[in-house]
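Chemist: Here you go, one structure.
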Amino acid sequence: MQVELYERIWLWAAGVLIVAFLGAILLTTATQAVEPPSHVETLDPTTLATHPEFGTPAVARRPDGSVVVTVVASMFDFGPDIEVPAHAPVTFRLTSADVVHGFQIVGTNANAMAVPGYVSQFTVTFDAPGEHTIACNEYCGLLHHAMVGKVIVK
Ligand code: CUA
């Protein structure tokens, strides 16, 4: 059976794409190239408990009125409720103690990944007082659906 030239070109093009996509998957698997897309800063997840910053996650107010919030996500918890002021830049610095977690502050555009070994950082300003749920949006285990936290804006 003779295959039309036009059809053969498309068969080859589809074949090349499939090989390229499979290659991309295998390459990222082999190199473990999983890292947060923003502000790549590393730390040792095995010594997190004694880390000067992440050993004692807290909400710290700077002299200029801005706020830095340190968060350690772990199965299946974001730590205590986070209390921050409205109308001030709030910088979140997060990492994970175990597996990849999501950190989405519902109702805002704040959304980042908590990846073990890395610090994810972003800054957000809350316009009004209120309460926001923090949702984990990366599947992290059996109780992933129950992994929620709270941001209280005063
Ligand atoms: Cu943590 Cu899903």
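The values are calculated or read from the model by the stated rules, or taken from the named source; none is laboratory data. This one's a predicted model, so the numbers in the text were calculated from it and none came from an experiment. With ideal geometry, Cβ positions are generated from the backbone for all residues, glycine too; neighbour counts draw on all protein chains shown. The area values use the complete protein model at the heavy-atom level, side chains included, leaving out ligands, DNA and RNA. Shrake-Rupley method; radii C 1.70, N 1.55, O 1.52, S 1.80 Å.
Chemist: Any idea how many residues of the stretch 49-81 are within 16 Å of the ligand (Cβ to nearest atom) and of a type in the set (A, V, I, L, M)?
Modeler: Narrowing the stretch 49-81 to residues within 16 Å of the ligand (Cβ to nearest atom): 57, 71-79.
Restricting the remaining residues to those that are of a type in the set (A, V, I, L, M) gives 71-73, 75.
Within the stretch 49-81, residues that are within 16 Å of the ligand (Cβ to nearest atom) and of a type in the set (A, V, I, L, M) number 4.
Chemist: Does the stretch 116-131 contain at least one residue that is within 12 Å of the ligand (Cβ to nearest atom) and at pLDDT 95 or above?
Modeler: No, the conditions are met nowhere in the stretch 116-131.
Chemist: Take the stretch 92-136 and flag every residue that is in a loop (DSSP other than H, G, I, E, B), out of contact with any Leu (no Cβ under 6 Å at 6 or more places or on another chain), crowded, with 16+ Cβ neighbours inside 10 Å and free of Cβ contacts under 8 Å to residues at least 60 places away in the same chain.
Modeler: Matches in the stretch 92-136: 98, 99, 110, 126.
Chemist: Here is a check on your reading of the model: is residue 106 aliphatic (A, V, I, L, M) and away from the ligand (no atom under 16 Å from the Cβ)?
Modeler: For residue 106, the condition - aliphatic (A, V, I, L, M) and away from the ligand (no atom under 16 Å from the Cβ) - is not met.
Chemist: Name the single residue that is farthest from the ligand (Cβ to nearest atom) among those in the stretch 137-154 being farther than 23 Å from residue 53 by Cβ and open to solvent by 50 Å² or more (accessible area, probe 1.4 Å).
Modeler: My answer is 154.
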